[in-house]
């Protein structure tokens with residue numbers, strides 16, 4: 001049992017997938033927050049298995065974990081307090097949150113830089129995290145609470161939007177995980193893969209609800225779930241460029257994953273096929289990111 | 001009055017002695033460590049860059065050690081593994097560029113000395129005891145400076161310092177062996 005719990009594949013894939021799937025099936029009745037809670041729980045179990053739950057001392061890795069577990073709730077709270085503001089700019093809110101969080105995570109290194117090096121490094125982490133957060137959250141179609149009434153984005157069907165959301169997160173998570181491992185941080189890789197596994201479970205649960213119960217409303221990842229994926233992925237990528245050997249240029253390509261998925265090439269009717277095609281499309285910019293990291297950091301060896 | 005003060009100074013001054021102060025010789029000071037790897041073999045590594053100072057007063061039986069180790073100077077003979085050890089998974093050299101050891105108590109004995117001090121690694125400070133054997137001091141044959149050298153050993157658990165990645169596959173117990181040479185100031 002100890003050997004199973006210590007196995008990297010179990011920690012980063014099997015455990016978060018199962019936890020998220022079980023919680024998604026049981027939390028469905030709670031409405032708005034079930035997806036986000038299930039995804040956060042999947043990430044939490046990987047954190048528990050790999051690093052433990054201690055937050056002292058507050059290292060950069062623990063800052064990433066703290067933000068990943070806490071910021072989605074903060075966004076939800078802001079949404080409840082001021083619905084009009086967050087309905088208008090969910091992507092901007094996410095971008096600002098992530099930019100500040102990235103600066104905070106990178107601060108131990110930033111505080112030792114001077115002049116242009118400081119601004120360049122700060123800009124690198126803040127812009128990348130902001131683009132990831134803004135790009136993923138804007139896939140909600142401009143509304144913080146997607147199940148609310150109000151103007152909906154009629155240009156995309158529910159299934160198409162769902163495929164974009166799922167494909168963007170899966171491609172970015174797998175790409176960030178692989179790049180982190182090549183860049184010499186297996187822990188960052190495991191955390192990113194955990195987001196991929198949890199998202200996969202969430203997508204599976206949503207597709208099953210859609211097909212079994214004909215609930216088309218579930219075919220849309222809610223903003224809290226999108227943010228629960230965006231925060232760790234944005235911060236892990238940014239931190240890997242500072243604390244590991246992920247080259248900054250690779251961040252440029254990784255940031256394109258949630259942007260490229262908007263290209264309207266996916267027209268298959270089957271939702272499973274549509275999701276697969278969207279993931280493949282979003283993976284296109286991930287390939288050069290991995291190649292660039294391989295060139296900079298060298299081959300992986302254990 | 002001035003003659004009285006001069007007389008007192010002449011009598012008292014020889015009774016006060018200051019400990020000899022030394023600067024660590026970075027070219028001949030290496031913190032080494034060994035750790036079990038997956039139960040197959042013992043991995044050896046060292047840190048290549050150190051600095052610091054020490055004081056020693058054998059007559060009074062007192063001393064102090066203050067060493068700073070550059071975290072990124074870790075070397076296990078394999079570049080990719082060294083990159084991994086520098087990453088957030090282990091020592092996170094970018095965030096914590098220095099490992100420090102500052103003594104709190106030095107006790108000389110027949111074999112050498114026992115040094116108790118605070119080891120700070122990855123933002124965590126723990127008390128560590130080092131056993132020093134064979135303290136050797138003399139004149140350097142080439143530069144004619146007074147040099148002291150010794151070997152120190154100790155044990156720590158990396159998990160005590162928050163370095164928990166890959167436990168228990170990669171061992172928790174780190175055996176320390178530190179060779180030190182210091183030049184008198």
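Considering only residues that are in contact with a strand residue (DSSP E or B) (Cβ under 7 Å, 6 or more places away or on another chain) and touching a residue at least 60 places away in the same chain (Cβ under 8 Å), which ones fall in segment B:147-171? I'd like the intermediate steps shown before the answer.
Our first condition is that a residue be in contact with a strand residue (DSSP E or B) (Cβ under 7 Å, 6 or more places away or on another chain); within segment B:147-171, this holds for B:147-158, B:160-162, B:170-171.
Across segment B:147-171, the qualifying residues are B:147, B:148, B:149, B:158, B:170, B:171.
Can residue B:50 be described as within 15 Å of the chain's Cα centre (by Cα) and more than 13 Å from chain A (Cβ to nearest Cβ)? I'd like the intermediate steps shown before the answer.
On the way: within 15 Å of the chain's Cα centre (by Cα): yes; more than 13 Å from chain A (Cβ to nearest Cβ): yes.
It is true that residue B:50 is within 15 Å of the chain's Cα centre (by Cα) and more than 13 Å from chain A (Cβ to nearest Cβ).
Please work out which one of (1) at negative phi; (2) without any contact (Cβ under 8 Å) to a residue 24 or more places away in the chain is the condition residue B:108 fails and give its number.
With (1) at negative phi; (2) without any contact (Cβ under 8 Å) to a residue 24 or more places away in the chain applied to residue B:108, the lone miss is (2).
Can you pull out the residues in segment B:105-128 that are facing another protein chain (nearest Cβ under 10 Å) and in a loop (DSSP other than H, G, I, E, B)?
Within segment B:105-128, the first condition is being facing another protein chain (nearest Cβ under 10 Å), and the residues that meet it are B:122-125.
If the condition is that a residue be facing another protein chain (nearest Cβ under 10 Å) and in a loop (DSSP other than H, G, I, E, B), then B:122, B:123 are the ones that fit.
Give, as residue ranges, the helices (runs of 4 or more DSSP H) completely inside segment A:1-53 that count at least 2 residues that are in contact with a helix residue (DSSP H, G or I) (Cβ under 7 Å, 6 or more places away or on another chain), within 19 Å of residue A:204 (Cβ to Cβ) and more than 14 Å from chain B (Cβ to nearest Cβ). Full working, then the answer.
Working: elements: A:2-6, A:15-27, A:34-50.
Where helices (runs of 4 or more DSSP H) fall fully within segment A:1-53 and carry at least 2 residues being in contact with a helix residue (DSSP H, G or I) (Cβ under 7 Å, 6 or more places away or on another chain), within 19 Å of residue A:204 (Cβ to Cβ) and more than 14 Å from chain B (Cβ to nearest Cβ), they are A:15-27, A:34-50.
Does residue A:31 satisfy the criteria of being farther than 23 Å from residue B:123 by Cα, at pLDDT below 90 and buried (at least 22 other Cβ atoms within 10 Å of the Cβ)?
On the way: farther than 23 Å from residue B:123 by Cα: yes; at pLDDT below 90: yes; buried (at least 22 other Cβ atoms within 10 Å of the Cβ): no.
So residue A:31 does not fit the description; no.
Quickly run through segment A:47-72 and pick out the residues that are over 14 Å from the mean Cα position of the chain (by Cα), under 27 Å from residue A:91 (Cα atoms) and touching a residue at least 40 places away in the same chain (Cβ under 8 Å).
A:47, A:60, A:61, A:63
Here is a list of conditions, (1) at pLDDT 95 or above; (2) not in a helix (DSSP H, G or I), and residue A:245 meets all of them except one; can you say which number that is?
Result: residue A:245 fails condition (1) only.
Any idea which of (1) at pLDDT 90 or above; (2) in contact with a helix residue (DSSP H, G or I) (Cβ under 8 Å, 6 or more places away or on another chain); (3) surrounded by 15 or more Cβ atoms within 10 Å (Cβ to Cβ) is the one residue A:58 doesn't satisfy?
The failed condition is (3).
Can you tell me which residue among A:208, A:204, A:191 is farther than 17 Å from residue A:136 by Cβ, in a helix (DSSP H, G or I) and modelled with pLDDT of 90 or more? I'd like the intermediate steps shown before the answer.
Numbers: A:208 fails: modelled with pLDDT of 90 or more; A:191 fails: farther than 17 Å from residue A:136 by Cβ.
Being farther than 17 Å from residue A:136 by Cβ, in a helix (DSSP H, G or I) and modelled with pLDDT of 90 or more holds for just one of A:208, A:204, A:191, which is A:204.
When segment B:50-64 is examined, which residues are found to be free of Cβ contacts under 8 Å to residues at least 60 places away in the same chain and surrounded by 17 or more Cβ atoms within 10 Å (Cβ to Cβ)?
So the first thing to find is which residues in segment B:50-64 are free of Cβ contacts under 8 Å to residues at least 60 places away in the same chain, and the list is B:50-52, B:55, B:57-64.
Hits for segment B:50-64 are B:50, B:52, B:55, B:63, B:64.
Kindly list the number of the only condition in (1) under 30 Å from residue A:60 (Cα atoms); (2) not in a strand (DSSP E or B) that fails for residue B:143.
Every listed condition holds for residue B:143 apart from (1).
Taking segment A:276-302 as the search range and keeping residues that are at pLDDT below 90 and in contact with a helix residue (DSSP H, G or I) (Cβ under 7 Å, 6 or more places away or on another chain), which one is surrounded by the fewest Cβ atoms within 10 Å (Cβ to Cβ)?
A:301
From the list A:106, A:173, which one is more than 14 Å from chain B (Cβ to nearest Cβ), out of contact with any strand residue (DSSP E or B) (no Cβ under 6 Å at 6 or more places or on another chain), surrounded by 23 or more Cβ atoms within 10 Å (Cβ to Cβ) and at pLDDT 95 or above? I'd like the intermediate steps shown before the answer.
On the way: A:106 fails: more than 14 Å from chain B (Cβ to nearest Cβ).
Selected residue: A:173, the only one of A:106, A:173 that is more than 14 Å from chain B (Cβ to nearest Cβ), out of contact with any strand residue (DSSP E or B) (no Cβ under 6 Å at 6 or more places or on another chain), surrounded by 23 or more Cβ atoms within 10 Å (Cβ to Cβ) and at pLDDT 95 or above.
Could you tell me how many of the residues in segment B:57-104 are outside any strand (DSSP E or B), away from every other protein chain (no Cβ under 14 Å) and modelled with pLDDT of 95 or more?
Step one: list which residues in segment B:57-104 are outside any strand (DSSP E or B), which gives B:58-61, B:71-73, B:76-97.
From what's left, away from every other protein chain (no Cβ under 14 Å): B:58-61, B:73.
Filter once more, so that each one left must be modelled with pLDDT of 95 or more: B:73.
So the count comes out to 1.
Does segment A:151-168 include one or more residues that are at positive phi, modelled with pLDDT of 60 or more and not in a helix (DSSP H, G or I)?
Taking segment A:151-168 as the starting set, the residues that turn out to be at positive phi are none.
No.
The values are calculated or read from the model by the stated rules, or taken from the named source; none is laboratory data. All values reported here derive from a predicted model rather than from experimental measurement. Positions of Cβ are backbone-derived with ideal geometry, glycine not excepted, and every protein chain shown enters the neighbour counts.
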